[in-house]
1. From the square roots a ≥ b ≥ c of the eigenvalues of the alpha-carbon gyration tensor of segment 70-187, which class results: rounded (a/c under 1.5), prolate (a/b over b/c), or oblate?
2. Hey, which aspartates and glutamates would be in cross-link range of LYS74, C-alpha to C-alpha under 15 Å, not counting anything within fewer than 8 residues on its own chain?
3. Any chance you could look up the accessible area of SER613 with a 1.4 Å probe, heavy atoms only, rounded to 10 Å²?
4. How do 491-500, 135-144, 265-274 rank on mean C-beta neighbours within 10 Å, highest first?
5. Shape of segment 146-248 from its Cα gyration tensor (a ≥ b ≥ c, root eigenvalues): rounded if a/c is under 1.5, otherwise prolate when a/b > b/c, or oblate?
6. Just the accessible area per residue of segment 250-341, please: how many Å² with a 1.4 Å probe?
7. How would you order 457-466, 97-106 from highest to lowest mean count of nearby Cβ atoms within 10 Å?
8. Is the shape of segment 453-501 best called rounded, prolate or oblate, per the rule: a/c under 1.5 gives rounded, else a/b larger than b/c gives prolate, else oblate, with a ≥ b ≥ c the square roots of the Cα gyration tensor eigenvalues?
Amino acid sequence: MGTMGTTTRTERGWRVLAGWLLAAAACLCLVLPAAATPLRLAAGESSFPLSNALGYWHDAGAQATPEQAFARAKAGGFAPLPGGNPAFGFQTGAYWFHVSLENLQRDEPLWILVQEYALSDRLDLYLRYPDGHVEHDAGGDHVPFADRFIRYRHPNFRLDLPADQRVELLLRVQSESSMQVPLSLYTPKAFAELLRDAQFSNGLYYGIVLALLCYNLVLWLMLRDASYFWYLLHTGAFGLVLFALNGYGFEYLWPTSAWLADASIPLSICFALIGMQLFARSFLDLRTRWPAGDRMCLAVVAFFALLGVASTWLPYSIATPIASRAVLLGVLWIIIATVVMLRRGYRPARLFLLAWSLFLSGTAAFTLLAFGALPQNFWTQNGVQVGSALELLLLSLALGKRYASLREENVRIVQETNEKLERGLIDRTRELRTAMAQLGEANVKLLEYSQRDPLTGAYNRRYFHEAFSRLLEECRADGRALAMLLLDLDHFKRINDRYGHQAGDACLVQAARSIEAVAHPHGGLVARFGGEEFVVLLPCNAAQDALQVAEAIRLRIQQQPVAHDGTSIHLSASIGLHTVAAGRGMGQEDIIRIADAALYRAKDDGRNCVRHSLASA
């Protein structure tokens, strides 16, 4: 029993010791550096993302040397990337990244390390080989572009990795831009394929931007619509933003200027924001449709202009985060203005809202990635390009629809205006015709008044002379005679003296009516010759016909007394007659003189009688 108890206690001791050893081993595993186990570049693979194998250390003071960093890595002072995400946002100091590599591909000693982010200021690469020697290389946009191993928009380095040997890779990154360090290893062949794919995708994007620029430039030159100009400004400026963000600006435009490499980002962002605000202001017609929104839009433009000027001297680490956040605010304001215009019934704003919503989604993903709030993947890396490409296409379509809508509205307005003009013209024409008819009637009346004696209504002496010549010609042409009767009311002065001038006027009026009543049925023309004298021009066939008409006139005047103020005034008339035979030519003055002589004979013969002229007609 004693032996068995001793054996049992011994076994229990060994078990406890084994447990402590296992726990110690587990703790040791936890404190070992992330790169203690090397990343083996196995055969058959041509590219290796390093995020899951990297360890990192934030050197807040940026004072550590490579030797200190290697020592820290050996001591387990590097931590794995949080969730394998190589994006840390805008940070101060320097970041060190460490990984051990073991190349198992004997036929691939040459590898290419690529940081797939173009805006880091300075990268220092250290490779420590088994024999202890260290090789150094530098990159980033504060190093001349020509110093890169391959002329490519992303920083890249040549790695000579002997087969079956462990090589320590240490990368120091210090930058005022967002701390994003997505590292990958490629064989030369895989890198060439990467270049081909990148060339195709970026060429497609910039081809779309260039095509839209050219297309809308032609439209602007043809239509001179301000919206197309601001669209061109927005498209060109935002294309420049992505040109700089993707590293093409440093590659092609300022390959030796570290200042432009830093300043180009906030400057191009502000320029693009100004363009998009002015484009939205013009497209939504804020000046007319929403004056308060128009003033707000101009205030936003002024802010971006000031930020752009300030970014030329502000540190990159201050200007760029502000500009990046301003993109979201600027797009949000445009969406708010668009929603307001939609609620006010502005139909072109529908497609406009969809375009800016897509742009906001892509931009938000890219911005959140820059601040380390989202992990790095295809959509966060390329969201701004995908969103902006869709936005530019939809905005171009929206411009076309807006132009078509404005054209339809203009056609409708022109049609309505033409219809109003036509209706107005018809009304004016009708009014003009009425006015002309009234004017014609007035002219006829005026002419009639100018030809008539205002008291008796008979023709006046002026018209008598005009008609006399015409009737002479007509009778001569027709082969008829023309008689002239010159009539004088007897003792008319006595009537005025006895009964008054008003009574005399009444006598003149009734005498004119009596003369017209007899002469008109025979085609005679009656005129007041002056005072109490009347004249009658009477076309006839013979003098006897004229004598009968003259006698009938005398009798009618005599037989119709004038009633005035209860008094009956009897009238009589002396008539002198001369007849111009058919075909006989005589002047007016001669005919009047002869008829006047016949009138005086009638007066001399006792008045109230008719006497024919003695002259041979």
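The values are calculated or read from the model by the stated rules, or taken from the named source; none is laboratory data. Since the structure is predicted, the reported quantities are computational estimates derived from the model, not experimental observations. Note: ideal-geometry Cβ built from the backbone for every residue, glycine included; neighbour counts use all protein chains shown. Calculation scope for accessible area: heavy atoms of the full protein, side chains included, ligands and nucleic acids excluded. Shrake-Rupley method; radii C 1.70, N 1.55, O 1.52, S 1.80 Å.
1. oblate
2. Filter leaves GLU168.
3. 20
4. Top of the packing list down: 265-274, 135-144, 491-500.
5. On the way: a/c = 4.77, a/b = 2.53, b/c = 1.88.
The shape class here is prolate.
6. On the way: 3850 Å² over 92 residues.
Per-residue accessible area for segment 250-341 comes out at 42 Å².
7. On the way: 457-466: 16.9, 97-106: 20.3.
Taking the mean over residues of other Cβ atoms within 10 Å, the ranking is 97-106, 457-466.
8. Values: a/c = 5.26, a/b = 2.43, b/c = 2.16.
Verdict is prolate for segment 453-501.
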